[in-house]
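These notes are about the structure you will find just below.
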Amino acid sequence: MNTSLTPDQRAGLVLKELTLDEKILLIHGQGSPFGGPVSPNILLSNGGDGFSLGVPRLGIPALQMIGSAYGVRFSATNGRYSTALPSNLASTANWNPEAACEYGALIGREERAQGYNMSLAGGVDLAREYRNGRNFEYHGEDPILAGTIVGHRVRCEQDQHILGELKHYAVNDQESGRGIVNSVLGKRALRETDLLAFEIGNEIGHPWAYMCAYNGINGDYSCENQYALNDVLKKEWGFQGFVLSDWGGTHSTAKASAAGLDMEQPDEGFYGAAMKKAVQDGKVPMAELDDHVRRILRAEFGSGIIDYPIHKFVVNVEEGLVISRHLAEQSIVLLKNELGALPLDAAKVTSIAVIGEHADESMISGGGSAQVDPEGSFAPAWENPAHVWFPTSPFKSIAAKAPHAQVKFQFGANLPAATALAKSSQVAIVFVHQWTSEAMDVPNLSLPGDQDKLIEAVAAANPNTIVVLETGAAVTMPWVNKVSGIVEAWYAGSKGADAVANILFGDVNPSAKLPITFPVSEADLPHPQMTVPTPEVVKAEKDGKPGPLFDVNYDEGLKVGYKWFDAEKKPVLFPFGFGLSYTSYSYSGLKVATGAQAGGTAATVTLSVKNTGSRAGTEIAEVYATLPASAGEPPNRLVGWSRVSLKSGETKEVKVTIEPKYLSIFDETANGWKQVPGIYSIRVGASSRDLPLVTTFALQ
Ligand code: GLC
């Protein structure tokens, strides 16, 4: 308990005292609430997704783990309270590291309050596949933006003395057949896309745990993948924490142990008695077992969960709701605003139609192991994943904003009634949703059900129609030219309706920008049809006799997201980095300093942004780089950005430093990052397809 020693020294002291049985206890779980083999120790669980026993005689606590992507899970079954924050993709739309920190800090406080000391969050698999049911739980398509936001989230979550993590390492980019999918991707593309997001998250957040994924990577399951776990994560990146498997993602004892898996969750199929036998038979060297244990102990000392034992306390509900609304306001993207549709003028508007399923009472949330339980509800069983709606009412929030207006609601299913109300109202606001979840992908990017039809009908009845999207990620919009306003609210959290109303009525000026491209149609995607395992292959997996891994060839390689659409010169519906404001901005004075003048970083960009509109706002100035043709890279890549708040008429100079790695390519033969000599272009502007400022510089 000598806190003047390093986590490694303290781990070493404990390791010396442990018996073999105690070492084994530390490297596996005691079962999970989803069923399957559990030990009597399950009674010691705090009710989370899983837990591992500690060693009480040596003061080593149990690890009480909880799913907490956008809020602390299982509050219903445990009779507790959790705040639901906007989705993780929504949190990426604010491009704001400080907001990401607030996000992680709130969840860390609520985890501690409820009696947990380890978080199962930090999902940062890239949105390589637009139909991935878990895109809402991740951080979009650009590795630098994704890694930065998730890094600040986990950094500030751990500041609350929580053992934080990043997941699902790696290339768990689709849910269909996730247990048997083998993600096939060249090493250079792997390092510059999916793994770069984890690398940046690691550098910024220093998570003490990584969860390896269900899928394979280039032939080996993630949780027994020597290259991903030992070579890259532990050796190259110097990761000092431990790798735990996804629930049921462990597939061997000696192979997984040698490849770098440190802990099996949720139970002990391979790392319990089987591991003890393997050590006694000499199949697993004691030194290897000791390294697994040392890493777990180092993480427990380093994260503070030993020095700050769990003391439950009452969640600060009011504080959580204010933070959730504030974060949602920064995440809502204004995609279209014509005919002066927005903001609505509370003093002048006379009649408003609010239309859409549940828009009178609630907003949708993301499903699966990220699911947060709304206050006043009970948890639907995991087996039949339900659409969970949060009791935050768009209708009530809008009516409260416009006391002088006649605000009426129509469910939407009754098309004649909905169109009649729209026709007789000054403005029609249609709330539509796309529910997404773990363990499934969406069949296409269309809004489910007849929602496209509903929007078309309402817009035909009233051209002043505003669409509010409650979607997991990108959706197609066949009606995009028929409505006057479009707002992407994502899964907006416990106070989503107030946040949306504050944006619609202009109490908050939207500042968010898309962390994911909205394509025109699936036909434009790198894979118009998803590659999914055949029913026989899936059945074999279900029957516990998984066949060979099922290849998904990500042959688009480096061209993830906007890089694909740029390289293929395809039009998009709304580009990566796009978002409107109620004011306007202009850009000027771009300068780039490199080498010595840039203080050792690869380059420093300075420019001026002016608020040319009539009200204050916050602009996200985005910096993209084009590498020399010899680098063989897609046309543009995001290399930095700056959020700048400006009063009407105000001009500010912003400065963006570009990390050397962000201007590099991964050289497979040298097995390292390198900068290609040549002429580079720097482009700056409001989105990946609106870059008015450009300059070039030479790197030697
Ligand atoms: C799930 C998810 C993972 C989650 C874990 C525990 O299958 O893939 O994200 O943390 O199991 O619920």
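The values are calculated or read from the model by the stated rules, or taken from the named source; none is laboratory data. Keep in mind that what you see is a predicted model, and the values were worked out from it rather than measured. With ideal geometry, Cβ positions are generated from the backbone for all residues, glycine too; neighbour counts draw on all protein chains shown. These area figures cover heavy atoms from the full protein model, side chains too; ligands, DNA and RNA do not enter into them. Shrake-Rupley method; radii C 1.70, N 1.55, O 1.52, S 1.80 Å.
Could you tell me the center-to-center distance, by alpha carbons, between the range 67-82 and the range 223-272 in angstrom? So the separation of the two Cα centres works out to 27 Å. For the pair Lys674 and Asp690, label points projected 7 Å from Cα toward Cβ lie 4.0 nm apart. Under 18 Å from a point placed 7 Å out from the Cα of Asp307 along the Cα-to-Cβ direction: which residues of the range 128-169 have their backbone N that close? Answer for the range 128-169: 155-164.
Electrostatic tally near Trp479: other residues with Cβ closer than 14 Å to its Cβ, Lys and Arg +1, Asp and Glu -1, net -1. For the range 584-699, relative contact order (Cα pairs under 8 Å, six or more residues apart, normalised by length) works out to 28 percent. Amide H contacts of Leu447 (H built 1.01 Å from N, in plane; Pro and chain starts excluded): Thr476 sit under 5 Å, all sequence-distant by 5 or more or on other chains.
As an exercise, use a Förster radius of 45 Å and the Cβ-Cβ distance of Leu5 and Arg615 to find the FRET efficiency, rounded to the nearest 0.05. E(calc), rounded to 0.05, equals 0.25.
Approximating the spin labels as points 7 Å out from Cα along Cα→Cβ, the Lys283-to-Leu43 distance works out to 3.4 nm.
Which value at 222 nm does the chain reach when only helices count, each DSSP H run of 4 or more adding -39,500 (n - 2.57), with the total divided by all residues and rounded to the nearest 500 deg cm²/dmol?
-7500 deg cm²/dmol
For His387 and Ala596, the FRET efficiency from 1/(1 + (r/R0)^6), where r spans their Cβ atoms and R0 equals 56 Å, is about 0.45. Between the range 589-632 and the range 393-442, the C-alpha centres lie 41 angstrom from each other. Under a 5 Å amide H cut-off, with hydrogens placed 1.01 Å from N, Val552 pairs with Asn182, Ser183, Val184 among residues at least 5 apart or on other chains.
Can you work out the FRET efficiency for the pair Val480 and Asp543, with r the C-beta to C-beta distance and R0 = 41 Å, to the nearest 0.05? Walk me through the intermediate numbers first.
Numbers: r = 45 Å, r/R0 = 1.10.
Calculated transfer efficiency: 0.35.
Looking at the P(r) of the chain, how many percent of alpha-carbon pairs lie beyond 49 Å? For the chain, the fraction of Cα-Cα distances above 49 Å is 13 percent.
Could you tell me what percent of the DSSP beta bridges with both partners in the range 332-508 are antiparallel, to the nearest 5? Expressed as a percentage, antiparallel bridges in the range 332-508 total about 20. Listed values for the range 482-497 are Karplus-derived 3J(HN,Hα) couplings in whole Hz (6.51 cos²θ - 1.76 cosθ + 1.60, θ = phi - 60°), namely 10, 10, 8, x, 9, 10, 9, 9, 6, 8, 8, x, 4, 10, x, 5, and x replaces Gly and Pro. Rolling a 1.4 angstrom probe over the range 462-579 with all protein chains present gives an accessible area of which 55% lies on carbon and sulfur atoms.
3J(HN,Hα) along the range 693-700, derived from phi through the Karplus expression 6.51 cos²θ - 1.76 cosθ + 1.60 where θ = phi - 60°, amounts to 9, 9, 8, 10, 8, 9, 10, 6 Hz, with x in place of Gly and Pro. Using a 1.4 Å probe over the heavy atoms of the protein chains, calculate the carbon and sulfur portion of the accessible area of the range 7-303 as a whole percent. Roughly 56 percent of what the probe reaches on the range 7-303 is carbon or sulfur. When the charge dipole of the range 584-699 is built from unit charges on Cβ atoms (+1 for Lys and Arg, -1 for Asp and Glu) and taken about the Cα centre, the candidate among Leu638, Thr657, Thr618 whose Cα reaches farthest toward its positive end is Thr618. Note that the chain presents 34 Å² accessible area per residue, ligands and nucleic acids not counted, probe 1.4 Å. Checking the cross-link pairs Lys495/Lys652; Lys235/Lys674; Lys167/Lys495 against a 30 Å limit on the alpha carbon distance flags Lys495/Lys652 as lying beyond it. The antiparallel fraction among DSSP beta bridges confined to the chain stands at about 60%.
Which loop chymotrypsin sites (Phe, Trp or Tyr not before Pro) in the range 453-530, with loop taken from DSSP, have no more than 14 other Cβ atoms within 10 angstrom of their Cβ?
Those that pass, being in a loop and sparsely packed, number zero.
Only Cα pairs under 8 Å and 6+ residues apart enter the sum, and on that basis the relative contact order of the chain stands at 14 percent. Taking a sphere under 14 Å around the Cβ of Asn230 and counting the other residues whose Cβ falls inside, with K and R at +1 and D and E at -1, yields a net charge of -3. Spherically averaged projected area of the convex hull of Cα atoms, the range 7-303: 14.0 nm². A 1.4 Å probe over all protein chains sorts Arg57, Arg637, Arg155 by accessible area into Arg57, Arg155, Arg637, starting with the largest. Can you list the residues, at least 5 places off or on another chain, whose amide H is less than 5 Å from the amide H of Arg615, using H built in the peptide plane? Here the answer is Ser584, since their amide H atoms fall under 5 Å of that of Arg615.
Relative to the current alpha-carbon distance between Lys453 and Thr534, full extension at 0.36 nm per residue lengthens the span by 25.9 nm. The alpha carbon centroids of the range 97-112 and the range 539-566 are separated by 32 Å.
Share of carbon and sulfur in the accessible area of the range 584-699 stands at 50%, probe radius 1.4 Å.
A simple spin-label model places pseudo-atoms 7 Å from Cα toward Cβ; at Lys187 and Leu58 they are separated by 3.7 nm.
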